[in-house]
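What follows draws every value from the coordinates through simple rules; no lab data is involved. For clarity, every value in this text was computed on a predicted model and none was experimentally measured. Every residue, glycine as well, gets a Cβ built from its backbone with ideal geometry; the counts of neighbours run over all protein chains shown.
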């Protein structure tokens, strides 16, 4: 799966796409600890970065990338183009969603 390449652009200069395998959609939802949430609100007031949220987002990013690569491999692709990753937060849940198109490149 590590040989699956991910590109954020839909067109690859100098790389030929030989086959389109279909869309990839991946979602990851994590509950955020109430203490982390409280400390983040405090940091919002006094300023500063939230290391706990950044850590949670990094873990989600790694999980989403791994799952996207796995889904692409299942479709027989060796790359994903037009890949995007978005985050959202609702009622103490941190959500990551990603999408892209699985392709075969030369």
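Model label points for residue 70 and residue 89, set 7 angstrom from Cα along the Cα-to-Cβ axis, are 2.7 nm apart. Only alpha carbons enter this Debye calculation for segment 51-106, each as an equal point scatterer, and the log10 of I(q)/I(0) it gives at q = 0.15, 0.16, 0.31 Å⁻¹ is -0.49, -0.54, -1.23. Take the Cα of residue 27, go 7 Å toward its beta carbon, and the backbone nitrogen atoms of segment 63-106 under 12 Å from that spot belong to 95-98.
Using a Förster distance of 22 Å, how high is the FRET efficiency between residue 82 and residue 57, based on the Cβ-Cβ distance and rounded to 0.05? For R0 = 22 Å, the calculated efficiency reads 0.50. The order of 60, 95, going from fewest to most other C-beta atoms within 10 Å of their C-beta, is 95, 60.
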